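Here's the structure, in structure tokens; my notes come after.
The values are calculated or read from the model by the stated rules, or taken from the named source; none is laboratory data. Note that the structure is predicted; figures quoted are calculated from it, not measured. Virtual Cβ from ideal backbone geometry, glycine too; neighbours counted across all protein chains shown. When the accessible area is computed, the model is the full protein with side chains, heavy atoms only, and any ligands, DNA or RNA have been set aside. Shrake-Rupley method; radii C 1.70, N 1.55, O 1.52, S 1.80 Å.
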Amino acid sequence: MTEDFLLVRYGEIGTKSEPVRSRMVKILRQRISDRLEYEKIDFETVSVRQGRIIAEKIQEPAKAAEDVAELPGVSSASPAYRVEPEMQELEKSTKKFQVGETFGIETNRSGDHDFDSQDVNREVGGFVEENTGAKVDLDDPETWINFDVREDQAFTYTEKFSGPDGMPTGSGDKVAALISGGIDSPVAAHEIMKRGSDTVPIYFYNRPIAAEDHFLRFRSVVEKLRRFNPSRDWKAYKIDMQEVNEELMEIGSGRMVIHRRLMFAVAEKIAEENGLKGIVTGESLSQKSSQTAANLKVTTEALDLPVLRPLISDSKKEIVAKAREIGTYEDAKIASACSTMAPENPRTRMDMQEVRKLEEKVNFDELVEKALDSVEVIEF
């Protein structure tokens, strides 16, 4: 018996109808295989068996479990031993583990056996007590010994890496994601990936306010997002905003709302040309002057595509915690030469009449075309 199996569980996927569940499990199995190849972890097969996804003959099973547990759609993952689903074999398998002074047994069983989960917990627990001298503690034991018993095989493990659950990336509509070099937008993109959507990054290079290091931060956070679906061809759209921003700087009050409206107009054009079904942003209600309820309405008033704001009610503290969790925080907080574009007294509430006047003043449609003319495709 060797620990060269990876046992992967899913949660929300299991609530779907059988045809949808089958499709999503198939996609998740592929995402797991892709991630193992991306991490250069050797394995023989990844298959779906009786409500579990199992990778066999896998190298570095603990690392594999930790990496795979990051994937949207995964509820948890464990490096595991495979054993025969017979009581004596389950008992013997516990000798593989270093048991602490206290332990607990937890069993998940499905199929036709001459024992149930409580039988396993009781009989294997007695075997471990007798052979190790450890005491049972079901509240907070030093060691949890877990059994996952299927119809024709069983797995045992002591480590479980929790995942984000949700749905596998690539199972839903593909959307555009406005991603800067900051903290919020990569988190928003990841939240949407957890709902099954692939994201296509759109980056507004806000020259001359932003320097090249700001663009490098963008590239860095996108590289981090890649690992959640590494097999697809990742590309991004980069828009050089220098000419546009130089003209917008002539506006004082209301500048940021016009700037946001222009970004959304450009993003929608790119999204529509590429068959994308929505636009994701990292906006959080009232975090900035352009993100008040009134200004959120104004900035997207002209759009046909839906704007997805998964962080709308999150605090900055919550967003930072999520950024740390997915590994984008360290890149996003790197000092940048980007200074603010906001005026000294930004508007927190604008009406459409004011917006129209400002757009007429700066020849808004011409600025949109200038921005679109500068679009560059970035390969990853």
With every protein chain in place, the accessible area of residue 15 for a 1.4 Å probe, in Å² rounded to the nearest 10, comes to 110
Of all DSSP beta bridges in segment 49-147, antiparallel share, percent nearest 5
10
Roughly how much of residue 173 is accessible, in Å² to the nearest 10, using a 1.4 Å probe?
90
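Using the Cα centre as the reference, give the magnitude of the dipole from point charges on the C-beta atoms of the chain (Lys, Arg: +1; Asp, Glu: -1; all else neutral), rounded to the nearest 20 debye. Kindly include the intermediate steps, with their values, before the conclusion.
Working: 53 positive and 71 negative charges, 223 e Å.
So the magnitude is around 1080 debye.
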State to the nearest 20 debye the size of the charge dipole of segment 1-43 about its Cα centre, where the only charges are +1 on K and R beta carbons and -1 on D and E beta carbons.
360
Considering only DSSP beta bridges whose two residues both sit in the chain, what percent are antiparallel, to the nearest 5?
55
Name the residue, out of 362, 222, 68, whose mean-square fluctuation peaks in a Gaussian network model built on the chain with Cα pairs under 10 Å.
362
Förster radius 56 Å - calculated FRET efficiency between residue 269 and residue 108 (Cβ-Cβ, nearest 0.05):
0.65
Can you tell me how much longer the chain between residue 227 and residue 277 gets when fully stretched, taken as 0.36 nm per residue apart minus their C-alpha distance, in nm with one decimal?
15.8 nm
With residue 375 itself left out, Lys, Arg at +1 and Asp, Glu at -1 over residues whose Cβ is under 15 Å from its Cβ give -4
Could you tell me which of 30, 15, 5 has its Cα farthest along the dipole of segment 1-44 towards the positive end, charges placed at Cβ (Lys, Arg +1; Asp, Glu -1), taken about the Cα centre?
15
How high is the relative contact order of segment 1-154? Use alpha-carbon pairs under 8 Å, at least six apart in sequence, and give a whole percent.
25
Computed over segment 1-122, the Cα gyration tensor eigenvalues, each multiplied by 5 and square-rooted, give semi-axes in Å (largest first) of 26, 19, 13
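Suppose R0 equals 56 Å. What FRET efficiency, 1/(1 + (r/R0)^6) with r the Cβ-Cβ distance, do residue 162 and residue 357 give to the nearest 0.05?
Computed FRET efficiency for residue 162 and residue 357 comes out at 0.60.
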If the limit is 20 Å between Cα atoms, which of 174/322; 238/361; 63/160; 16/235; 40/174 go over it?
174/322; 238/361; 16/235; 40/174
Would you rank 240, 304 by solvent-accessible area, highest first, keeping every protein chain in place and using a 1.4 Å probe?
304, 240
Sorted by accessible area (1.4 Å probe), largest first, how do 18, 268 line up?
18, 268
Cα centroids of segment 70-125 and segment 273-303: how far apart, whole angstrom?
48
Residues of the chain: accessible area per residue at 1.4 Å, in Å²?
46
